[in-house]
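**Q** Just passing along the structure, written as structure tokens.
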């Protein structure tokens with residue numbers, strides 16, 4: 001009986017370790033402040049690569065004011081030889097991008113960008129008190145895009161700049 005328990009514990013440990021490994025990635029490209037390309041750790045094929053749209057925030061577009069600063073902040077947080085990104089994909093959007101939270105070396109990318117004033121908390125699709133508080137704080141301190149007298153939200157900017 002003892003051998004059965006040891007075998008179950010051994011099997012459970014390696015099964016759980018394998019599942020943890022499945023959501024570990026390297027950020028290979030940062031499109032903008034809320035979209036990255038991920039590559040699974042320990043694979044050489046690009047077959048598992050995918051585009052992730054970070055949930056709960058909306059960052060300025062690349063050609064929008066503060067768009068490049070937001071992108072550079074995410075690059076600084078998430079790209080590098082020793083940076084491990086983790087995510088839990090929760091859905092896909094209309095563009096077939098995976099949707100999920102992103103952590104780089106255990107730092108929440110959404111919270112990081114909102115703290116810097118480089119992304120909006122997307123209250124339409126999220127209910128996160130920490131992100132809401134971070135945005136209130138960044139606005140009060142006029143950090144990042146909140147230094148602008150009339151910052152344009154990315155969703156409003158996209159609507160104004162739709163391709164005809």
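**Q** Kindly establish whether residue 85 is within 10 Å of the chain's Cα centre (by Cα) and farther than 17 Å from residue 121 by Cβ.
**A** Working: within 10 Å of the chain's Cα centre (by Cα): yes; farther than 17 Å from residue 121 by Cβ: yes.
In short, yes.
**Q** Restricting attention to segment 1-46, which residues are at pLDDT below 95, under 22 Å from residue 76 (Cβ atoms) and out of contact with any strand residue (DSSP E or B) (no Cβ under 9 Å at 6 or more places or on another chain)?
**A** Those that are at pLDDT below 95, under 22 Å from residue 76 (Cβ atoms) and out of contact with any strand residue (DSSP E or B) (no Cβ under 9 Å at 6 or more places or on another chain): none in segment 1-46.
The values are calculated or read from the model by the stated rules, or taken from the named source; none is laboratory data. In this text the structure is predicted, and so the values were computed from the model without any measurement. Neighbour counts are summed over all protein chains in view; Cβ atoms, including those assigned to glycine, are modelled from backbone coordinates with ideal geometry.
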